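Undergrad: The structure's right below; bear with me while I get my questions together.
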Amino acid sequence: MAETTTAYTDETAPGSLITRDGQIQWAGLLMGPGTPYQIDRTGITGWDDLPTLDTGDVPRPDQHGAWPGAVWAQPRLVTATVWLVPPTAARALDTGLAFRAATGPEGGERWLAVRLHGETLAVRARVSRRVVPQDRAFVRQGLGKASLQWTATDPRRLSPALREGRATLPVSEPGLVWQDETGGGLTWPLSWGGDAESGSFSAVNEGGAAAHPVIEFRGPVRRPSLTRLGDGRQLQYDIVLGAGDVLTVDTEAGTVLLNGTASRLYTATPASAPEQLFRLEPGRTALAFRSDDATPDPRASVTVRWRDSHW
């Protein structure tokens, strides 16, 4: 089985401004050591905690305990106490304006990244609370002790590196040509033909939580599918993709888009699993790319991108 997992570099990684332990990056604002926004000695809370869990357990009516059900995590709440420490009193306004601009409630979720002991992890979050007391030190020097709270609707913490795996459709190895068009036999040096393509690769999720990948099928291909070889769960779409067409499957959002605009969710076949159930569990997941093409086109491919997911 070919191993084609690589780092995907065409995206700015979360926490790209972080250079040392203890720093926090919220969108474009860097907080912590070496910045005008120092983290209080109490640190942050909710970052390494297990989120509150909802369970589908059903009480047993005729004996002790319950039948175990599914377990789902609630949103993650992260709080931090931040000291506004302008370099000089003359810079107090600039320091405060930058802080207010970065921590407003407008907009969707953005990256919140934290580095501890050399490890940077990130979540998509929104600011849900900001408290900045205007005491005497704040009025005179701009020195303030602010409280921030973020809400991450997806509680999983993700690695900054976006990983990528790719495969083309399986092609058998041609082997030796025993007789050419002119009737001649084997000649030295021997031509062993091209390399075979397995159409398979392994995606490695180095975290402890399941990851939801984004999958791109590229044409020309007829009825493309991607299968988890470990349990047989697959995504399959009854669609013909031409050269240059891309069918993008977002397994977290549950969307299927043709060329980034037109929904093709309805093309999922009866054998196809719900998109949101097609996850990469912790560890190695073997994947196979297949189609209904009688003669596979070498231009057809599947690309899978994901981030290692952690609780």
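The values are calculated or read from the model by the stated rules, or taken from the named source; none is laboratory data. Small disclaimer: the values here were computed from a predicted structure and weren't measured. Because the Cβ atoms are built from the backbone with ideal geometry, glycine has one as well, and the counts that use them run over all protein chains shown.
Undergrad: Does P51 fit the bill of being without any contact (Cβ under 8 Å) to a residue 60 or more places away in the chain and over 17 Å from Q141 (Cα atoms)?
TA: no
Undergrad: Let me ask you something else. Scan region 82-102 for residues that are over 15 Å from Q25 (Cα atoms), of a type in the set (A, V, I, L, M) and in a helix (DSSP H, G or I) and jot them down.
TA: Listed by number, the residues that qualify are A89, A90, A92, L93, L97.
Undergrad: Follow-up. Select from region 138-171 the residues that are in contact with a strand residue (DSSP E or B) (Cβ under 7 Å, 6 or more places away or on another chain), farther than 24 Å from E216 by Cα and surrounded by fewer than 16 Cβ atoms within 10 Å (Cβ to Cβ) and list them in ascending order.
TA: Matches in region 138-171: S147 only.
Undergrad: List every residue pair whose Cβ atoms sit under 6 Å apart, with the two residues 6 or more apart in sequence or on different chains, where the first one lies in region 66-86 and is among the basic types (K, R) and the second, anywhere, is assigned to a loop (DSSP other than H, G, I, E, B).
TA: From residues that are among the basic types (K, R), the pairs are R76/P51; R76/P155.
Undergrad: Here's a follow-up. Residues in region 228-270 that are exposed (fewer than 15 other Cβ atoms within 10 Å of the Cβ) and in a helix (DSSP H, G or I): how many?
TA: Number of matching residues: 2.
Undergrad: In this structure, is P36 under 30 Å from E206 (Cβ atoms) and either in contact with a Ser or Thr (Cβ under 9 Å, 6 or more places away or on another chain) or at pLDDT 95 or above (or both)?
TA: Spelling it out, it is not the case that P36 is under 30 Å from E206 (Cβ atoms) and either in contact with a Ser or Thr (Cβ under 9 Å, 6 or more places away or on another chain) or at pLDDT 95 or above (or both).
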